[in-house]
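Following: one structure in structure tokens, then a few remarks.
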Amino acid sequence: MTQSPRKENRTKPEPDDLPGPVTVLRQAREQLAELTGMTAESVSSFERTEDGWELAVEVLELARVPDTMSLLATYAVTLDPQGELTGYRRTRRYERGRADPPRAGG
């Protein structure tokens with residue numbers, strides 16, 4: 001039986017080598033929680049980019065009673081193609097029960 005030679009030192013991972021969205025989102029939430037010490041509640045958006053992934057993660061920053069007064073924040077998170085966190089920043093902070101104000105034009 002003949003085996004094809006394996007490519008060593010790949011510069012770009014093959015699509016089959018990359019984790020899928022569900023795996024990446026789980027890893028991102030875990031990594032962000034570990035780095036910040038805060039609970040990552042949900043991922044509100046994600047996109048695969050040429051450089052990896054970009055996500056918006058909702059984080060519980062301050063628990064209050066009643067729960068509707070708790071402070072949440074949205075974090076912009078970037079990950080490499082394998083799902084390793086490469087950076088994050090807080091983009092918004094808000095009370096759990098508050099909706100965004102309506103934008104002009106709809």
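The values are calculated or read from the model by the stated rules, or taken from the named source; none is laboratory data. Model, not experiment: these values are computed from the prediction. Reconstructed Cβ throughout: ideal geometry from the backbone, glycine too, with neighbour counts over all protein chains shown. Note: areas computed on protein heavy atoms with side chains; ligands, DNA, RNA excluded. Shrake-Rupley method; radii C 1.70, N 1.55, O 1.52, S 1.80 Å.
Annotations
- Glu58 falls short on exactly one of the conditions (1) surrounded by fewer than 16 Cβ atoms within 10 Å (Cβ to Cβ); (2) of a type outside the set (Phe, Trp, Tyr); (3) without any contact (Cβ under 8 Å) to a residue 24 or more places away in the chain, and that condition is (1).
- Subset of segment 66-92 (residues that are under 13 Å from Val43 (Cβ atoms) and open to solvent by 80 Å² or more (accessible area, probe 1.4 Å)): Tyr88
- For Arg26, the test of being of a type in the set (Lys, Arg), surrounded by fewer than 16 Cβ atoms within 10 Å (Cβ to Cβ), touching a Pro at 6+ places or on another chain (Cβ under 8 Å) and over 15 Å from Tyr94 (Cα atoms) is failed.
- Checking Pro13 against (1) surrounded by 13 or more Cβ atoms within 10 Å (Cβ to Cβ); (2) at pLDDT below 95, the condition it does not meet: (1)
- Matching residues, segment 76-106, being touching a residue at least 24 places away in the same chain (Cβ under 8 Å) and under 15 Å from Gln27 (Cα atoms): Val77, Thr78, Leu79, Asp80, Pro81, Gln82, Gly83, Glu84, Leu85, Thr86, Tyr88
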